[in-house]
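Q: Just dropping this structure here.
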Amino acid sequence: MWVYEKKLQYPVRVSKCDPMMAKFLMEQYGGADGELAAALRYLNQRYTIPDKVVGLLNDIGTEEFAHLEMIATMVYKLTKDASVEQLEAAGLGAHYANHDRALFYSNAAGVPWTATYIQAKGDPLADLYEDIAAEEKARATYQWLIDMTDDVDLQDSLKFLREREVVHAMRFKEAVEIIKADQETKKVF
């Protein structure tokens, strides 16, 4: 099903140690509108979506895992040289106490990821509209993250991710139109 290339989808560079920014990026790692929730949502929904668009959910769900890998790399690079005092000052003291420097699926506030973030109604249009909303929320979050850092290298990777969210939303909108057109065609049995 997948071919894994041992490189990131897009290069991730950071200019400096910044544990506070790493904490904010955790929102896209384990938050409700983050990459893990998106990947699992789309790969789960593909089982009840019409065949005409099932490949789209598979493709985007897979790409979301690549984005999750990019976010993990950003968080790692932003914290790898941080002292315990810097981690504590950034609000990551509880994380350090529980996980050391290991990544853990939680949001920026430290709330652990939960399966309740994954929506699946079983109605193709309802699910696709949920997916469009998820992509738009992720796009907005990436923009806010871009606004929160002055690290131009980090901004570059975040801009890439933001633009992929735009593309995904557009593709889901196209899928809505495919489903609507299919529902309107006369069925002969």
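Q: Taking only pairs six or more apart or across chains, which ones have beta-carbon atoms under 7 Å, a first residue in region 108-122 that is under 13 Å from residue 44 (Cα atoms), and a second residue that is modelled with pLDDT under 95 and of a type in the set (S, T, N, Q)?
A: The qualifying pairs are 122/48.
Q: Is it the case that region 120-130 has a residue that's crowded, with 16+ Cβ neighbours inside 10 Å, at pLDDT 95 or above and in contact with a strand residue (DSSP E or B) (Cβ under 6 Å, 6 or more places away or on another chain)?
A: no
Q: Tell me the residue from 109, 134 that is among the aliphatic types (A, V, I, L, M) and either surrounded by 14 or more Cβ atoms within 10 Å (Cβ to Cβ) or more than 30 Å from residue 16 (Cα to Cα) (or both), please.
A: Of 109, 134, the one residue that is among the aliphatic types (A, V, I, L, M) and either surrounded by 14 or more Cβ atoms within 10 Å (Cβ to Cβ) or more than 30 Å from residue 16 (Cα to Cα) (or both) is 134.
Q: Given the structure, is residue 3 closer than 17 Å to residue 145 by Cβ and not in a helix (DSSP H, G or I)?
A: Criteria not met by residue 3.
Q: Out of 16, 23, 7, I need the residue that is free of Cβ contacts under 8 Å to residues at least 12 places away in the same chain and either within 22 Å of residue 156 (Cβ to Cβ) or open to solvent by less than 20 Å² (accessible area, probe 1.4 Å) (or both). Which one?
A: On inspection, the qualifying residue turns out to be 7.
Q: Let me ask something else. Checking the condition touching a Pro at 6+ places or on another chain (Cβ under 6 Å), open to solvent by less than 50 Å² (accessible area, probe 1.4 Å), assigned to a loop (DSSP other than H, G, I, E, B) and of a type in the set (A, V, I, L, M, F, W, C), which residue from 82, 32 passes?
A: Exactly one residue qualifies, and that residue is 82.
One line per residue, one yes/no per condition, for (1) closer than 19 Å to residue 9 by Cβ; (2) in a helix (DSSP H, G or I); (3) of a type in the set (Val, Ile, Thr):
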residue	(1), (2), (3)
42	yes, yes, no
57	yes, yes, no
66	yes, yes, no
73	yes, yes, yes
95	no, yes, no
119	no, no, no
142	yes, yes, no
158	yes, yes, no
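The values are calculated or read from the model by the stated rules, or taken from the named source; none is laboratory data. Owing to the predicted nature of the structure, the values given are computational and were not obtained by experimental measurement. Heads up, the Cβs are rebuilt from the backbone with ideal geometry, glycines too, and the neighbour counts pull from every protein chain shown. Protein only, heavy atoms only, side chains kept; ligands, DNA and RNA dropped before computing areas. Shrake-Rupley method; radii C 1.70, N 1.55, O 1.52, S 1.80 Å.
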